[in-house]
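Everything below concerns the one structure shown next.
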Amino acid sequence: MSTHALTALIAEDEPLLAAALQAELARAWPELRVVASVSDGISAVREALALKPDLLFFDIRMPGQSGLDAAAELMDAWDEAAAPFPALVFVTAYDQYAVQAFEAQAMDYLLKPVQPARLEKSVQKLRLALDGRARTATESGASALTDASAAQLQRLLAALQPALQPAAPRAAWLRQLPVSPAGSGGNTIRMVQVAEVLLLQAADKYVRVVTASGEHLLRTPLKDLLEQLDPAEFWQIHRSTAVRADAIDSVQRDEAGRLHLSLRGCGERLVVSRLYAHRFRAL
């Protein structure tokens, strides 16, 4: 059993539901200490990195950044040398499709409003998971444990995608992008063929559009842009980066176990996040 006092962070944008969850946790798990309660995904990532709790309770739908996206960002930024990655519980409004996705991936979840009996079952499951986490980390390494969680989260994201955001039909994929050449101040617009694009990378309010002949800027969020591009042509390798799949030249693993990717026609060395490392399992 864990010997240190366990801590938790709640991310829920509805104050009454956040307070109710905290009250139910105090009843079902008196020794658990809630160290922070935040109302959006960006704050959840910031506070989790600062406080390093043992458990996270993330609402799926929050303003600015969803609980799923926040969990993915947190996995990329987490320092395993400082603490093991937290156990993760998603809180969701009732949706049978979502429930089936959570159960298929063995990801813990709570339905709104949280019911005491269901929370007690979740607490029992979390106690066992946290006890086993230390043993697993000792046997297989913390990195392997976090990589497994990342792969599990990626499968959950893929399973929930049809319900959260239906994919565009093949005929709707973009073939041209209206971009501004880098350094033009946005005063010049030219059309770049999607077939020429090697790299897409979020940069402040823009997306960097890199081709073999130059770099351009597009004022569209990367997430929105990727929904309009053929996923067979562009692979997301990080929350802020997508690459043309057939331009991938090599992938290398560094001493810390992180993957780095190189593209033909582009001199940049790109980090592959844990969430997308499953594409290169052979390494």
Original post:
Hey, which aspartates and glutamates would be in cross-link range of Lys52, C-alpha to C-alpha under 12 Å, not counting anything within fewer than 8 residues on its own chain?
Top reply: Asp79, Glu80
Original post:
Going by how many other beta carbons lie within 10 Å of each one, how would you line up His260, His238, fewest first?
Top reply: His260, His238
Subject >> Debye log10 I(q)/I(0) at q = 0.16, 0.23, 0.31 Å⁻¹ for the stretch 29-76, Cα point scatterers >> reply: -0.40, -0.78, -1.25
Original post:
Can you give the three extents of the C-alpha atoms in the stretch 1-83 along their principal axes, from longest to shortest, in whole Å?
Top reply: 36, 32, 16
Original post:
Which of Arg46, Arg27 comes first, and how do the rest follow, when ranked by fewest Cβ neighbours within 10 Å?
Top reply: Arg27, Arg46
**OP:** Enumerate the lysines that Lys112 could reach by cross-link, defined here as Cα to Cα under 20 Å, with residues fewer than 8 away along the same chain left out.
**Re:** Lys121, Lys125
Original post:
Taking the stretch 170-280 as the region of interest, what is the percent of Cα-Cα pairs per 5 angstrom bin, listed from the shortest bin to the one with the maximum distance?
Top reply: 2, 12, 23, 25, 19, 11, 5, 2, 0
**OP:** Please list, or write none, the lysines whose alpha carbon is within less than 18 Å of the alpha carbon of Lys205, excluding same-chain residues fewer than 8 places away.
**Re:** Lys223
Original post:
How would you rank 55-61, 252-258, 267-273, 32-38, highest first, on the average number of other Cβ atoms within 10 Å across their residues?
Top reply: 55-61, 32-38, 267-273, 252-258
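FYI, it's all coordinate maths here, none of it is from the lab. Remember, it's a predicted structure, so these values are computed and weren't measured experimentally. FYI the Cβ positions are ideal-geometry reconstructions off the backbone, even for glycines, and counts take in every protein chain you see.
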